[in-house]
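K.L.:
I have a structure here, written as structure tokens, and I will follow up with some questions on it.
The values are calculated or read from the model by the stated rules, or taken from the named source; none is laboratory data. All figures in this text were calculated on a predicted structure; none of them were measured in a lab. FYI the Cβ positions are ideal-geometry reconstructions off the backbone, even for glycines, and counts take in every protein chain you see.
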Amino acid sequence: MGLLLLLYILLRIIPIGMSFGMSFFKWDLINPKKPFVGLGNYKKLLRDDNFLLSLKNTLIFAFFVVLFSLTISLLLSLSLQKGFRGKGLFESLYFLPYVIAVVPAALAWKFIFDPTSGVLNYLLGLVGVAPRAWLINDATALGSIMVMTIWQRIGYNMVIFSVGLGEIPKDYYEAASIDGAGKLTIFFKITLPLLMPIVVYLTIINTIEAFNVFTQVFVMTTGTQSAPASAVKVLVMDIYQNAFRFFQMGYASAESVALFLIVLVVSLFQFAYFKKAGK
Amino acid sequence: MNTRKIVLKILKYIILFLIALLMFFPIYWMIACSLMERQEVVLIPPHLYPHLPTLNNFTKLLKQADFMNYISNSIRIVVISTFLSVFTSVIGGYIFEKFDFKGKGFMFAIVMATTMIPFQTYMVPFYLIVQKLKLIDTYTGIIMPLVVTSFGIFFIKQNVSSIPDDYIHAARIDGAGEWLIFTKVIVQMVKASISALTVFQFMFGWKFFIWPLIVTDSAKKFTLEIGLQIFASQNPLDYQMQMAGAVLGMVPIVAVYLLFRKQFIGGIALTGIK
């Protein structure tokens, strides 16, 4: 147990504490002098166009990814309720994208979005949509990465929704249909309220995950034929660049603390909800 | 009325099937293109399946000694880190649930407080620590963030709580040592949760990208994910080779998924609902 505590201190407590500590210093990796700058890094953040842009992009990204992946997966798990033939097969297929690692998935999507040889432009061309440079174009780049992310998240959310739906007692539905309630009424009056804890839980988990998005953005912005780094810059990408490209460790730490605070607020929201619900 | 129901049912199957097709298409496309030669992969209009399937891309990739090395690095890292994190979770979860000691409440509070904190928020200082320990570009350095998981400890603790204390007392009266109790009683009784956690940690380790990216700087230590990303950035127009690499990066985890499909989906379901 002592060892476990030691591991925790070394691997979690110290780094998390250091994130806060370093954020008050001008901590340059090369320069041995690390002057204390107080809130200087934070003040600089608020005026940093890169930070503000990545914050804006991350918010947009999180909002749409959470909204669409939750809606789609809820619809899917509703149609794949118990007793539905082929449930297992469909579930396994929908779940598959979640399993595969992000780099292979991002490479496959990058090629699908490719402006010259990409299959998406060809398929859309068949129905009369003009070809576009999906990833290269500022207007569609972030959206394209969202599509890929939603595609990966659906399976996970669907499985959790299915469990939640399975736990709703059958009697409720029977009673409601005897009373002559329509399908929509049943959904909004019975299913959704009873499913609310799961909806909140998944919203939180997906939001935190979306705020920490990095891999697919990194893959889709490297090399030629890729997304313009500015149009899809997200928070973790900016932290990564400030820390490991420009070696501004203190500044990157202040940015990490900002990310930490966002995650904290989101988690507190969940905490408050479950406390209110008395769970 | 009845025909209407049947039509609706068929319609539902068709829609679900189309969605399945859409979900599977990127994976299919990756595999199809990995079997094409360069001339075929860039054709417009594209061939929707390889007309002259070939395994050349794979043999070429694997002949580059690096790729074999990436694969073995990835497997080594993910196996060791999964083992260690599951081990620390089971021990930790068991001790937190069944033993009393000074400072337990405080320690557990620390563990729980870090469950929600993403690695990304403390990766910068983590790098400096690993640098201080002179572990940059080593396997130990890559594995370090993965050896404890607060979530795992919490998850196992929940499951251990269903084991009656009497079992443990009975074993102790029979003269079983603590280690024997742990391996023969505890581990046996929470087997299902251990395998769910194992699958979960395996997937997590395999997908872990940002840390190996930061902490490795020689091709010798690259994981498959990193090696693949570097390869793709150096050969941006060799789509067929990139897709072959992507298939290689996908196969191990998909193989594990297909073998342990029940644990995967069941594990996600178990671990998701607290």
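K.L.:
Conditions: (1) within 12 Å of chain A (Cβ to nearest Cβ); (2) over 28 Å from A:Met22 (Cβ atoms); (3) aromatic (Phe, Trp, Tyr). B:Phe126 meets all but one. Number of the miss?
P.N.:
Failing condition for B:Phe126: (2).
K.L.:
Checking the condition under 19 Å from the mean Cα position of the chain (by Cα) and aliphatic (A, V, I, L, M), which residue from A:Leu195, A:Leu259 passes?
P.N.:
Of A:Leu195, A:Leu259, the one residue that is under 19 Å from the mean Cα position of the chain (by Cα) and aliphatic (A, V, I, L, M) is A:Leu259.
K.L.:
Oh, and also: Would you confirm whether or not the stretch B:249-266 contains a residue that is crowded, with 22+ Cβ neighbours inside 10 Å, touching a residue at least 40 places away in the same chain (Cβ under 8 Å) and more than 8 Å from chain A (Cβ to nearest Cβ)?
P.N.:
The answer is no; no qualifying residue exists.
K.L.:
May I ask you to list the residues in the stretch A:116-130 that are more than 7 Å from every other protein chain (Cβ to nearest Cβ) and touching a helix residue (DSSP H, G or I) at 6+ places or on another chain (Cβ under 7 Å)?
P.N.:
Within the stretch A:116-130, A:Gly118, A:Leu120 meet the criteria.
K.L.:
Being more than 8 Å from every other protein chain (Cβ to nearest Cβ) and in contact with a Phe, Trp or Tyr (Cβ under 8 Å, 6 or more places away or on another chain) is the filter here; which residues of the stretch A:236-250 pass it?
P.N.:
Answer for the stretch A:236-250, where residues must be more than 8 Å from every other protein chain (Cβ to nearest Cβ) and in contact with a Phe, Trp or Tyr (Cβ under 8 Å, 6 or more places away or on another chain): A:Met237, A:Asp238, A:Asn242, A:Gln248, A:Gly250.
K.L.:
Tally up the residues in the stretch A:131-155 that are in a loop (DSSP other than H, G, I, E, B) and under 22 Å from A:Thr222 (Cβ atoms), please.
P.N.:
Residues that pass the stated criteria total 6.
K.L.:
Looking at (1) within 14 Å of chain B (Cβ to nearest Cβ); (2) farther than 30 Å from A:Ser256 by Cα; (3) touching a Phe, Trp or Tyr at 6+ places or on another chain (Cβ under 8 Å), which is the one condition that is false for A:Leu165?
P.N.:
(3)
K.L.:
How about the stretch A:1-28: which of its residues are within 15 Å of B:Tyr127 (Cα to Cα) and basic (Lys, Arg)?
P.N.:
Correct list: A:Arg12 only.
K.L.:
Any idea which residue in the stretch A:83-115 is farthest from B:Gln229 (Cα to Cα), counting only those that are among the basic types (Lys, Arg) and facing another protein chain (nearest Cβ under 9 Å)?
P.N.:
If we take residues in the stretch A:83-115 being among the basic types (Lys, Arg) and facing another protein chain (nearest Cβ under 9 Å), then A:Arg85 is farthest from B:Gln229 (Cα to Cα).
K.L.:
So in the stretch A:221-231, with the set limited to residues that are more than 11 Å from chain B (Cβ to nearest Cβ) and surrounded by fewer than 23 Cβ atoms within 10 Å (Cβ to Cβ), which one is modelled with the lowest pLDDT?
P.N.:
A:Ala229
K.L.:
If we scan the stretch B:86-100, do we find a residue that is closer than 30 Å to B:Thr183 by Cα and in a loop (DSSP other than H, G, I, E, B)?
P.N.:
Yes, the conditions are met somewhere in the stretch B:86-100.
K.L.:
If you don't mind, another one. Restricting to the stretch B:14-56, give me the number of residues that are surrounded by fewer than 17 Cβ atoms within 10 Å (Cβ to Cβ), within 11 Å of another protein chain (Cβ to nearest Cβ) and modelled with pLDDT under 90.
P.N.:
Looking only at that region, the number is 7.
K.L.:
Kindly list the number of the only condition in (1) assigned to a helix (DSSP H, G or I); (2) within 8 Å of chain A (Cβ to nearest Cβ) that fails for B:Pro236.
P.N.:
Checking B:Pro236 against (1) assigned to a helix (DSSP H, G or I); (2) within 8 Å of chain A (Cβ to nearest Cβ), the one that fails is (1).
K.L.:
State which residue is surrounded by the most Cβ atoms within 10 Å (Cβ to Cβ) when the search covers only the stretch A:256-270 and only residues that are β-branched (Val, Ile, Thr) and within 19 Å of B:Met112 (Cβ to Cβ).
P.N.:
Looking at the filtered set, the residue picked out is A:Val263.
K.L.:
Scanning for something out of contact with any strand residue (DSSP E or B) (no Cβ under 8 Å at 6 or more places or on another chain) and part of a helix (DSSP H, G or I), does the stretch A:223-231 turn up at least one residue?
P.N.:
Taking the stretch A:223-231 as the starting set, the residues that turn out to be out of contact with any strand residue (DSSP E or B) (no Cβ under 8 Å at 6 or more places or on another chain) are A:223-231.
If we keep only those that are part of a helix (DSSP H, G or I) too, we end up with none.
Within the stretch A:223-231, none of the residues are out of contact with any strand residue (DSSP E or B) (no Cβ under 8 Å at 6 or more places or on another chain) and part of a helix (DSSP H, G or I).
K.L.:
Please go through the stretch B:188-211 and give me each residue that is within 30 Å of B:Val124 (Cα to Cα) and not in a helix (DSSP H, G or I), ordered by number.
P.N.:
B:Phe208, B:Phe209 - these are the residues of the stretch B:188-211 that are within 30 Å of B:Val124 (Cα to Cα) and not in a helix (DSSP H, G or I).
K.L.:
On to the next question. Which members of the stretch A:208-220 meet the condition of being surrounded by 21 or more Cβ atoms within 10 Å (Cβ to Cβ) and more than 7 Å from chain B (Cβ to nearest Cβ)?
P.N.:
Residues satisfying the conditions are A:Ala210, A:Phe211, A:Val213, A:Gln216, A:Val217, A:Phe218, A:Met220.
K.L.:
Take the residues of the stretch A:7-52 that are hydrophobic (A, V, I, L, M, F, W, C), more than 12 Å from chain B (Cβ to nearest Cβ) and closer than 10 Å to A:Ala254 by Cβ: which is surrounded by the fewest Cβ atoms within 10 Å (Cβ to Cβ)?
P.N.:
Start the filter on the stretch A:7-52 by keeping residues that are hydrophobic (A, V, I, L, M, F, W, C), which leaves A:7, A:9-11, A:13-14, A:16, A:18, A:20, A:22, A:24-25, A:27, A:29-30, A:36-37, A:39, A:45-46, A:51-52.
Cutting the leftovers down to more than 12 Å from chain B (Cβ to nearest Cβ) gives us A:24, A:30, A:36-37, A:39, A:45-46, A:51-52.
When the remaining residues are screened for being closer than 10 Å to A:Ala254 by Cβ, the result is A:24, A:37, A:39, A:45, A:51.
Details: A:Phe24: 18, A:Val37: 18, A:Leu39: 11, A:Leu45: 20, A:Phe51: 21.
The selected residue is A:Leu39.
K.L.:
Right, next: Suppose the filter is buried (at least 17 other Cβ atoms within 10 Å of the Cβ), part of a loop (DSSP other than H, G, I, E, B) and without any contact (Cβ under 8 Å) to a residue 40 or more places away in the chain; does B:Ile117 pass it? So that I can check it myself, show each step before the final result.
P.N.:
Working: buried (at least 17 other Cβ atoms within 10 Å of the Cβ): yes; part of a loop (DSSP other than H, G, I, E, B): yes; without any contact (Cβ under 8 Å) to a residue 40 or more places away in the chain: yes.
Answer is yes for this residue.
K.L.:
Every residue in the stretch B:109-123 that is facing chain A (nearest Cβ under 8 Å) and polar (S, T, N, Q), please.
P.N.:
B:Thr114, B:Gln120, B:Thr121
K.L.:
State all residues of the stretch B:212-227 that are more than 10 Å from chain A (Cβ to nearest Cβ), part of a loop (DSSP other than H, G, I, E, B) and in contact with a helix residue (DSSP H, G or I) (Cβ under 8 Å, 6 or more places away or on another chain); if no residue qualifies, say none.
P.N.:
B:Thr216, B:Phe222
K.L.:
Cβ contacts < 8 Å: first residue among the basic types (Lys, Arg), restricted to the stretch B:210-223; second residue surrounded by fewer than 20 Cβ atoms within 10 Å (Cβ to Cβ) and not in a loop (DSSP other than H, G, I, E, B), any location; separation 6+ or different chain. Result?
P.N.:
The qualifying pairs are B:Lys220/B:Asn69; B:Lys221/B:Tyr139.
K.L.:
Could I ask something else about it? Can you give me the ranges of the helices (runs of 4 or more DSSP H) entirely in the stretch B:138-187 with at least 2 residues that are more than 30 Å from B:Phe222 (Cβ to Cβ)?
P.N.:
Output list reads B:150-160, B:165-173.
K.L.:
Right, here's the next one. State all residues of the stretch A:232-255 that are outside any helix (DSSP H, G or I), surrounded by 22 or more Cβ atoms within 10 Å (Cβ to Cβ) and not aliphatic (A, V, I, L, M); if no residue qualifies, say none.
P.N.:
A:Lys233
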